[in-house]
Structure formats: C-alpha cells, structure tokens
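Right, one structure below, let's go through it.
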Amino acid sequence: MNNKLLLLCILLLLDSCATTHDLTNCLTSTNAGFLDGFWQGMISPISFVLSLFEKDITIYEIANNGNWYNLGFVLGCYVTFKGSNEGAKRINKKQS
C-alpha cells in the first residue's frame, strides 16, 4: 500500500512538471537546450499519457536548439526507461 501511495505522489509531482507548448511564446523566447531536453526526456512517459487527454501538452519541444536538445532528450529517456528496467530486475531477483 505504501509503495502505491509513493508512486502516486511521484506521478503527481512529475505531472505538475509537464509543460505545454505555446507557439506565441516560441517566437519571442530562447530555444530549449540540453538541460530542457534531458528533463523533457525524463518526463516523456508522463507527457505522453497526458498528451492523449490534453491537446496543449506535447512530448517533444519543437523550438529547440537542435542536436544538443536531441542528445538531452535521448539521455533523459534512457535514464527513465533504463532505470525502471533495472528496478524491475531487482524486484524479480528478490522474488526468486
């Protein structure tokens, strides 16, 4: 029960970090860089689920600075998905 509550709190915290894409803001602001890409890559699973229900939420920042943003996004996705894979392996080993 405590693990489910902790997971719910983490999901709600990450949900509050999912950003929307305002096109008028993109015209006047700077492009997203490596750190923005890394963060958005880490929260990409949550952004994806939310984008199914909200049209203003996107997974990938269109106004980015190119390769550095892409590298950050890919590394962020790797950390998120590789970390969850390693956690699942540890749980399976404990149950065996």
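The values are calculated or read from the model by the stated rules, or taken from the named source; none is laboratory data. Small disclaimer: the values here were computed from a predicted structure and weren't measured. Positions of Cβ are generated from backbone atoms using ideal geometry, with glycine treated the same way; all protein chains shown enter the neighbour counts.
Could you go through the stretch 41-52 and let me know if any residue there is exposed (fewer than 12 other Cβ atoms within 10 Å of the Cβ), at pLDDT 80 or above and over 16 Å from Phe73 (Cα atoms).
Yes, the stretch 41-52 contains a residue that is exposed (fewer than 12 other Cβ atoms within 10 Å of the Cβ), at pLDDT 80 or above and over 16 Å from Phe73 (Cα atoms).
Which of the residues belonging to the stretch 47-74 are over 21 Å from Leu35 (Cβ atoms) and hydroxyl-bearing (Ser, Thr, Tyr)?
Correct list: Ser51 only.
Would you check which residues across the stretch 28-68 are of a type in the set (Val, Ile, Thr) and in a loop (DSSP other than H, G, I, E, B) and list them?
Within the stretch 28-68, the first condition is being of a type in the set (Val, Ile, Thr), and the residues that meet it are 28, 30, 43, 46, 49, 57-59, 62.
Residues satisfying the conditions are Thr30, Ile43, Thr58, Ile59, Ile62.
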